[in-house]
Amino acid sequence: MKKLIVIVCFLNLLLAAQALSRPEIRCLEVKDNGDVLVSWVAPTDLSGFVHYEIFYAKEETGPFTKVTTITSSSTVQYLHAGANAVVEPHCYYYVSAVSSNGHFDSQIISTIEFYLSNSGTGLAVLNWSAPTVEPVPSHSDHFDIWKDYPAGTWSSLAEVQGLVYRDTIDVCDAVIAYRVELADASGCRNVSRPQSERFTDMTAPAIPDLDSVTVDESSQQIKLGWEVSPSPDVFAYIIYLQENGVWIPIDTVYGRTTTQWTDTEHDPQSAVFSYRIATLDSCLNSSPMTVLQKTMQLTATYDLCRREAYLSWTDYENMPRDLAKYQIYCSRDGGPMQMVGESTSQSYTYAGLIANSAYVFLVRAVNSDGQITASSVKADFVFSSADNMDFVYVRSVSVNETSDAIVVTAYTGPTVTFTKVHLYRSVDDDAHFSKYQTLSYNGTDTYTFTDVDVDCNQRLYYYKATIENECDMETAESNVSHNIILRGSTNPSHQNSMNWMTYDGWNGGVSSYTVKRRTETAMFESDVMVTPLRSCTDDVSELTNEGSIFTYCIVAQENNNEYGFADQSRSNSIQLVQSPTIYVPNAFNPAGINNIFKPVSTFMPTEDYYMLIFGRNGQMVFNTADPNEGWDGTCKGQEMPIGVYIYKIKYLYEGQYYEKSGTVTLIK
């Protein structure tokens, strides 16, 4: 008996090992007419296969009804006609493989339960359920959303991992259908019933990105720039201008890819203008306006004295991706605009203005990534500097004839406008100048200073001049010149020797020195010699009757210079004294050869000289103050008698009086 039981168990195990495995249902595809295409994967073991049975129910719990029997094991699809799945929210199916050993059922799967609703705000809301509660491993990890628009044209819309999708309607008024699909690795697809609604686009397009409101550098017209709208149904942009606090639409720009507009009606120099834009879609829905952006006005002034330009401008508001800085550009005398500086505020100082130059400035706002810029209006001026040709030249430093003052002549040349000429002086060297005198502008180009605080015979005085402009700034400095010091000596051979220093500072240099001399008997100076040297000797041995004092000076002569001058500079005057000699005759005959009684003298001083003649009775019969005048033997026109007369001579020499007296005999 035990042996029989063992045999029966073995046979049962053998039969079970050869039993048919269950099929796997994968997809339910709802056709447009409501039929359902059922797709499955055949069992891996078809041992004892008899046929497939397809079961259908409207509820997951049944009751299920067999809709067909398929005898071919290789058939893995069945179209369930009349399922009416476009009406039913879901239909449930399973497949049973039948063998001689029994029924082997697949899992239960339903059509995708799909609903479509119209939100009334321009959104289509799709929601659905999965074919099975537990995910089928071979199913895709996402659902595919398909859209039927235009009618009869299905196109893939999105891939969704959830069970809800919202589609923004971008058509004005149309019936739109949707369906949901879920792919399987076997190649079949779960397809929901299609659902349709009439939709109206009530969704405003996206707010555009207004890049910049700028002033074109060339035309000086206002230009707006923006990004292409991301809303595909946008067909125009509306331009708004703020007037009296109200936003007024002033123009419409057509074309989604149009991104620029020029305002030809408003002058950016006259005021600051504020702009906003909005998009308009094909259903005439308008987006909200962008934030405002404004033009930038720029003002430029300058300080004549500091040679600086001061720029200020209005702020640039709402720059995309934040305002980082302002760049300052400048053009001089029609040259190209070049960046000269940057600022994070709304002002800038430009230094180093060049006289009589035309300047044009503009300011450019730059965002944080440097991709967006906006330019201001231009501001221009001509920098008219009155001291642009400031110049001063010391024409001469000359000692006056009395040697008690130095006269300095300054030339201001092409200097256009100034207020003062300053004279600087340094004593004995050219390194310690201090301001000494000032003359105000007198409408001429020549200014003469007189320095009386001098010792012309002993000390050197160096001079230079400066110009003071309207800004109280000394802008030009002259050459340096000094006085000439003349020195001299005498010798027993009746020669006067002199030497002097070079005159420095002339643009043309010194061409020669003229030695001038005046004797006691001469009324005027005379030129003794012209020499390029700085020393000379004057032989006066033939000038015994010209007095003992010889007065000299030197006059330096300039070569013609580039300013058209050839000036002179006079030295101090010196006196060289020759020692006088005197011989007095003891008799004379008015009727003879020696008919005049006169001392024979050389270099007799002409000042403080006198000679007196007395008779025996003490009566003065003759007197004179001229060393070259003698007595002719008369007194008041009457001849004096023969006899002995007394003479007395007195003269001044080097500060000391000398006297000589004796007798002279008048004979006939």
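Scanning the stretch 552-587 for residues that are among the polar types (S, T, N, Q) and touching a Gly at 6+ places or on another chain (Cβ under 6 Å) turns up Asn559, Asn560, Asn561. Out of all the residues in the stretch 633-641, is one or more of a type in the set (D, E, K, R) and without any contact (Cβ under 8 Å) to a residue 12 or more places away in the chain? Yes, there is a match, as at least one residue in the stretch 633-641 is of a type in the set (D, E, K, R) and without any contact (Cβ under 8 Å) to a residue 12 or more places away in the chain.
Among the residues of the stretch 254-266, those identified as under 24 Å from Ile372 (Cβ atoms) and under 37 Å from the mean Cα position of the chain (by Cα) are Thr257, Thr258, Thr259, Gln260, Trp261, Thr262, Asp263, Thr264, His266.
Any residue at all in the stretch 617-628 that is modelled with pLDDT under 90, touching a Leu at 6+ places or on another chain (Cβ under 9 Å), outside the structural domain of His494 (by TED's automatic domain parsing) and surrounded by 12 or more Cβ atoms within 10 Å (Cβ to Cβ)? No, the stretch 617-628 has no match at all.
A count restricted to the stretch 570-593 and to residues that are assigned to a loop (DSSP other than H, G, I, E, B) and exposed (fewer than 13 other Cβ atoms within 10 Å of the Cβ) stands at 5.
Quick check on the stretch 645-664: of everything there that is modelled with pLDDT under 90, over 12 Å from Val584 (Cα atoms) and of a type in the set (Ser, Thr, Tyr), which residue is surrounded by the fewest Cβ atoms within 10 Å (Cβ to Cβ)? Across the stretch 645-664, the extreme among qualifying residues is Tyr657.
One line per residue, one yes/no per condition, for (1) at negative phi; (2) in a strand (DSSP E or B); (3) charged (D, E, K, R); (4) in the same structural domain as Thr373 (by TED's automatic domain parsing):
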position	(1), (2), (3), (4)
Tyr237	yes, yes, no, no
Gln242	yes, yes, no, no
Glu265	yes, no, yes, no
Pro268	yes, no, no, no
Ile277	yes, yes, no, no
Met289	yes, no, no, no
Tyr316	yes, no, no, yes
Met319	yes, no, no, yes
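Lys325: modelled with pLDDT of 95 or more, of a type in the set (Lys, Arg), in contact with a Phe, Trp or Tyr (Cβ under 9 Å, 6 or more places away or on another chain) and surrounded by 12 or more Cβ atoms within 10 Å (Cβ to Cβ), yes or no? Judged against the criteria, Lys325 is not a match.
Looking only at the stretch 71-90, decide whether some residue is more than 60 Å from the chain's Cα centre (by Cα), at pLDDT 95 or above, surrounded by 15 or more Cβ atoms within 10 Å (Cβ to Cβ) and not in a loop (DSSP other than H, G, I, E, B). The answer is yes, given that some residue of the stretch 71-90 is more than 60 Å from the chain's Cα centre (by Cα), at pLDDT 95 or above, surrounded by 15 or more Cβ atoms within 10 Å (Cβ to Cβ) and not in a loop (DSSP other than H, G, I, E, B). The set of residues in the stretch 91-114 being part of a strand (DSSP E or B), modelled with pLDDT of 95 or more and of a type in the set (Ser, Thr, Tyr) consists of Tyr92, Tyr93, Tyr94, Ser96, Ser110. Looking at the stretch 19-44, I want the residues that are under 14 Å from Ser186 (Cα atoms) and have a partner that is β-branched (Val, Ile, Thr) and part of a loop (DSSP other than H, G, I, E, B) with Cβ atoms under 6 Å, at least 6 apart or on another chain. Which pairs are those? Matching pairs, first to second residue: Leu28/Thr111; Trp40/Val76; Ala42/Val76. Within the stretch 452-484, the only residue that satisfies the criterion of being buried (at least 23 other Cβ atoms within 10 Å of the Cβ), β-branched (Val, Ile, Thr) and within 18 Å of Ser571 (Cβ to Cβ) is Ile484. The set of residues in the stretch 456-492 being more than 42 Å from the chain's Cα centre (by Cα), under 24 Å from Trp506 (Cβ atoms) and not in a strand (DSSP E or B) consists of Cys456, Asn457, Gln458, Arg459, Leu460, Asn483, Ile484, Ile485.
Given the structure, is Pro135 assigned to a loop (DSSP other than H, G, I, E, B) and buried (at least 18 other Cβ atoms within 10 Å of the Cβ)?
Details: assigned to a loop (DSSP other than H, G, I, E, B): yes; buried (at least 18 other Cβ atoms within 10 Å of the Cβ): no.
Considered against the rule, which asks whether it is assigned to a loop (DSSP other than H, G, I, E, B) and buried (at least 18 other Cβ atoms within 10 Å of the Cβ), Pro135 comes out as no.
For the stretch 473-497, taking the residues that are among the aliphatic types (A, V, I, L, M) and at pLDDT below 95, the one that is farthest from Pro414 (Cα to Cα) is identified as Met473. With the condition kept exactly as written, say whether any residue in the stretch 170-181 is out of contact with any strand residue (DSSP E or B) (no Cβ under 6 Å at 6 or more places or on another chain), more than 24 Å from Gly34 (Cα to Cα) and without any contact (Cβ under 8 Å) to a residue 60 or more places away in the chain. No.
The values are calculated or read from the model by the stated rules, or taken from the named source; none is laboratory data. Quantities reported herein were computed from a predicted structural model and do not represent experimental measurements. Reconstructed Cβ throughout: ideal geometry from the backbone, glycine too, with neighbour counts over all protein chains shown.
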